[in-house]
Amino acid sequence: RMSRHARQLRDHDINPCVVETDASRKCMDDNNYNKDMCTAYFLKYKSCRKFWHDIMMQRKRNGVKPEMPSAEERKKMLESMG
């Protein structure tokens, strides 16, 4: 049984970087935990976190709720950016 925190990390509406998290973890598993082999995955994850954190902070400043857009809303935002 997953903890509440673990469930939130798997929830696409709460964590916008589930895909990047999984890809990094898989890379580490596949490469015997050699971090050097997974740098590109870590950078993608870090970029994802920074991008959505900045959006969240902007929404917070503007009084937009919820501060983290839903998975569906994020998808539309990304599509509109190309």
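What the table shows:
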{"item": "Cα-projected label distance for ASP11 with LYS76, points at 7 Å along beta-carbon direction, nm", "result": "2.1 nm"}
{"item": "Over the chain, relative contact order from alpha-carbon pairs under 8 Å, at least 6 apart, %", "result": "29 percent"}
{"item": "Where Cα atoms sit under 20 Å apart: lysine pairs in the stretch 4-80 separated by 8 or more or lying on different chains", "result": "16"}
{"item": "Potential extension, SER47-ASP29 segment - 0.36 nm per residue separation minus Cα distance", "result": "4.3 nm"}
{"item": "Overall Cα dimensions of the chain - principal axes, largest extent first, Å", "result": "44, 35, 21"}
{"item": "Area of LEU78 that stays accessible when all protein chains are in place (1.4 Å probe, Å², to 10)", "result": "80 Å²"}
{"item": "Restricting the chain to chymotrypsin sites (Phe, Trp or Tyr not before Pro) in coil, as DSSP defines it, with at most 14 other Cβ within 10 Å", "result": "TYR33"}
{"item": "Zone of MET2's modelled label, taken as backbone nitrogen in the stretch 49-80 under 18 Å from a point 7 Å along Cα→Cβ", "result": "70-72"}
{"item": "Neighbourhood charge, 15 Å Cβ-Cβ cut-off, centred on ARG49 and excluding it, Lys, Arg +1 and Asp, Glu -1", "result": "+1"}
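The values are calculated or read from the model by the stated rules, or taken from the named source; none is laboratory data. Everything numeric here is computed off the predicted structure, so don't read it as measured data. Here Cβ is always computed from backbone atoms with ideal geometry, including for glycine, and neighbour counts include all displayed protein chains. Please note that ligands, DNA and RNA were not included when accessible areas were found on the heavy atoms of the full protein model with its side chains. Shrake-Rupley method; radii C 1.70, N 1.55, O 1.52, S 1.80 Å.
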